[in-house]
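A short worksheet on the structure shown next.
The values are calculated or read from the model by the stated rules, or taken from the named source; none is laboratory data. Quantities reported herein were computed from a predicted structural model and do not represent experimental measurements. Cβ: placed from backbone, ideal geometry, glycine included. Neighbour counts: every protein chain shown.
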Amino acid sequence: MMFKEFFWMCSGADPDFLKDSSKSEQIKYAGIGGTVFFTAVMAFIASAYALFHVFDSVLIATGFGLVWGLLIFNLDRFIVSTIKKEGRPWQEFAQAIPRIILAVIIAVVIAKPLELKIFEKEIDQVLLTQKNSLTLQNKEQIARQFTPEIERVDREIMSLKNEITDKEKEVNKLYSTYIAEAEGREGTLKLGKGPVYKEKRQKHDAELLALQQLKTENNKKIKEKELLLKDLREKQNLQTLNTQPVIDGFDGLMARINALDKLPWLPSFFIFLLFLAIETSPIFAKLLSRRGEYDLKFANHESKIRTWMTQQIDQREALLDADMEINHQVYADLKEEEKIYNQKKQKAEELMVLQTEAFYNNQKKVL
């Protein structure tokens, strides 16, 4: 009995009329109220889940979810209670169209978070693919910032190394030349260390000294540029690491809704239809049902109040008209009384004297 009366309250019906109505009427309105109540419960669960992904707090999500559930409950109860059965189906349907539109909006709001929970694993897979793609794009964007400078330093290091290599080849060639001169295989073709050998040996030794000096200078430059190269790569890695948490956190409410849109639409559409049917079922239950005992009692009650209020208004208006007529007649009779005329004349004369004296005193002060 307690649950039945609670569901009557949820349906927006008057329990005093329902208690005296037939069992079928009581069951009908209890069913409508139950639908309104459980729709609000589903709204609470859906909003709490959605807000948890926004605030990452169970307490905040539960609090806001409870407020949202109560709001949906109040809206549904209002929508159902304002539909009145008057025996004119098309007029009732036309009046219910704005309420049906509001019910559709509420169904969408309730269904979407629950779809996110139902397809959570599939959404996580889509988000993982998107995160991997974003990670690669992020690395490519950061690399485009550092790659030109890194490549320039690499080319300078390679140029310094090539300079040393070319010098080594030149020195090795001079070495082979003066050795071949000493062995009589090239040059003068005379065996022994003659003047030509000494000349080529001196040239080799001078270039060897230049090579050593070049190695010292270039190796110093290479070390500096390698440190610069290391610093550039460390900055690139650091920027990549600093931006990665943003990508890892790419699983908010909007990201999940977008990921849900990438899944096949048919399952989500049928879930939406289910909640749409739940949300609009109390409205259509009242629209499609015949005018029952409760509706007749409620209409009779409204008619009594309307008649009584009309009578009260008519009586007040008639009383006002009568009072105004009497007042007009009384003042018309008083207008003929000489005593009242003389008294008014005396008071007017006194007033004019006082005004004259006040004007005279003001003018005297000015002068």
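Between a first residue in segment 61-89 that is on the phi > 0 side of the Ramachandran plot and at pLDDT below 85 and a second residue that is of a type outside the set (S, T, Y) and surrounded by fewer than 19 Cβ atoms within 10 Å (Cβ to Cβ), which pairs have beta carbons less than 7 Å apart while being 6 or more apart in sequence or on different chains?
Cβ pairs passing all conditions: G87/R291.
How many residues does segment 165-186 hold that are buried (at least 16 other Cβ atoms within 10 Å of the Cβ) and either at pLDDT below 75 or under 30 Å from L227 (Cβ atoms) (or both)?
Selection size over segment 165-186: 5.
Restricting attention to segment 260-277, does a residue exist that is crowded, with 16+ Cβ neighbours inside 10 Å, more than 30 Å from E25 (Cβ to Cβ), aliphatic (A, V, I, L, M) and at pLDDT 80 or above?
yes
Pairs only if they're at least six apart or on different chains, beta carbon under 8 angstrom, first in segment 19-32 and acidic (D, E), second surrounded by 12 or more Cβ atoms within 10 Å (Cβ to Cβ); list them, first residue then second.
D20/K297; E25/L18; E25/G292; E25/E293; E25/Y294
Count, please, the residues in segment 222-276 that happen to be acidic (D, E), part of a helix (DSSP H, G or I) and in contact with a helix residue (DSSP H, G or I) (Cβ under 8 Å, 6 or more places away or on another chain).
Going through segment 222-276 one residue at a time, the tally reaches 2.
Determine, yes or no, whether A13 is assigned to a helix (DSSP H, G or I), surrounded by 14 or more Cβ atoms within 10 Å (Cβ to Cβ) and among the hydrophobic types (A, V, I, L, M, F, W, C).
When the stated conditions are applied, A13 does not pass them.
Pull out all pairs, ordered by first then second residue, where Cβ-Cβ is under 6 Å, the residues are six or more apart or on different chains, the first lies in segment 139-159 and is under 18 Å from L227 (Cα atoms), and the second is surrounded by 12 or more Cβ atoms within 10 Å (Cβ to Cβ) and of a type in the set (A, V, I, L, M, F, W, C).
Close Cβ pairs satisfying both conditions: F146/L232; E149/L232; I150/L232; V153/L228; V153/L229; I157/I222.
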